[in-house]
Each structure stands twice: as structure tokens, then as C-alpha cells.
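Below: one structure, written as C-alpha cells.
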Amino acid sequence: MKTAFVLGGGGLLGAHEVGMLRALSEAGVRPDLVVGTSVGAINGALVAADPQVPVVRGFIPNAGRPVTVYLPGHKPLGLQAPRTLAVRLAERGTSFAVADPGGRQILVAVQGAKGTIVVRTFVSNAELSKGVARSWLVLAALALILLAVGVVVANLLVGSVTRPISELARVSHRLAPGGLGARADPAGPAGCPELPESAPPPPGRT
């Protein structure tokens, strides 16, 4: 049976949780899982930062990938791997990734009450690039769709402006040889102001 600590939020409740966690620790109750929200997440992080060896051993098989945990004063747990220079650097409190042949080595430093715990795992290049090509194809297809929509919208906007101008040019050509019955429909985009039917002549003209 697994033991889980579920810690809620709220400042006053967080203070109560400290006493509860201390009592559980003194009674030898160790969690297999810690879940918390708000101040409960802070208390849970403090509890998880000082794990016991049996608890860590129980977590490792469920990690889903090869994991090595370096606890202060203990041999590495999980996948046996030496304490390399990268691990020793992570033990100073720095989390980082190191390029390895075929992938990357991820080292995460966790500050605990008894020192720094280092969690190490390896991510292959295949995992790092998984889904990247499909994502690029989706983005390219989306870009083409947006481009097509933009062209259609631009064509409609341009047509709403040029159509009345073309109609006015057609009427002017009919008026030139004396076709006084030619008329133009005063139409245009909604954003264009409409001139009054009897506009005053420009200054200096009659």
C-alpha cells in the first residue's frame, strides 16, 4: 500500500501542516507521494527534499526511464553510474544538461536538509526530436492557410475601393462624347465619406 501526503493551501493550515508532518516523521510514517497546493506545495517540497533511501528506491522504477539518484552520503540509487565531474558540479546546487553521444544527460539538483540531492537521467536524440518535423508541417500548413485568407480578404478590400473608381471612369468616358445621360452610382467602402449631392464649387471656379 502506498502512502501519500496531500497538503492543502492557506497560511493557517500551512502552520498546522508543519506540526502534522513533524508528528508523522517522529512516528516513522514516510510518504511515497507528496502533493500540495499553495503553502502546502512549499511544505511538500521541504518534505520531498529530504527523502529516505527506501522511498527513493520506490520512486525509481516508476520513472519510466533510466534514473540515477545521488543522495549525500549514500551510494547512487537506480541505474549505477559514477559520480562524474558533471554530477559533482550539480551537487553544488546547479541544474543543467550535458551533451552526450546520442543525446543529453539531464542533471537536476534538489536542495535537501542534509545536502544536495542530484537526479540524473538521459534523453536520446530521438526523444529530443520526436514530433518536431510534424510540428513544423502543422505550422507551415497553418501559415499557408493564413496567407490564403489574407489574400482573399485583401482582394475583397481592394475590390470595394477600386470598383467605384472603375465605374466613375466608365461614366467619364461616356460623358466625353456628349452622353449626358450617363450616371455613376455613388458607392464605396463604408469608411469613405460621402460628398453632398450639391457640393459647392472649388475656390476660383464657377
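The values are calculated or read from the model by the stated rules, or taken from the named source; none is laboratory data. In this text the structure is predicted, and so the values were computed from the model without any measurement. Positions of Cβ are backbone-derived with ideal geometry, glycine not excepted, and every protein chain shown enters the neighbour counts. For accessibility, only protein heavy atoms count, side chains too; no ligands or nucleic acids. Shrake-Rupley method; radii C 1.70, N 1.55, O 1.52, S 1.80 Å.
Suppose the filter is modelled with pLDDT under 80 and either loosely packed, with under 15 Cβ neighbours inside 10 Å or among the basic types (Lys, Arg) (or both); does Arg57 pass it? In short, yes. Once the range 4-46 is narrowed to residues that are out of contact with any helix residue (DSSP H, G or I) (no Cβ under 7 Å at 6 or more places or on another chain) and in a loop (DSSP other than H, G, I, E, B), the residue that is modelled with the lowest pLDDT is Ala27. Lys75 meets all of the listed conditions (1) under 26 Å from Gly44 (Cβ atoms); (2) open to solvent by 40 Å² or more (accessible area, probe 1.4 Å); (3) free of Cβ contacts under 8 Å to residues at least 60 places away in the same chain; (4) not small (Gly, Ala, Ser) but one, namely (1).
Residues checked against (1) open to solvent by less than 50 Å² (accessible area, probe 1.4 Å); (2) touching a residue at least 12 places away in the same chain (Cβ under 8 Å); (3) closer than 30 Å to Leu77 by Cα:
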position	(1), (2), (3)
Thr116	yes, yes, yes
Phe122	no, yes, yes
Leu128	no, yes, yes
Ser135	no, no, no
Leu139	no, no, no
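Of all the criteria given as (1) at pLDDT 85 or above; (2) closer than 30 Å to Gln80 by Cα; (3) in a helix (DSSP H, G or I), the one not satisfied by Trp136 is (2).
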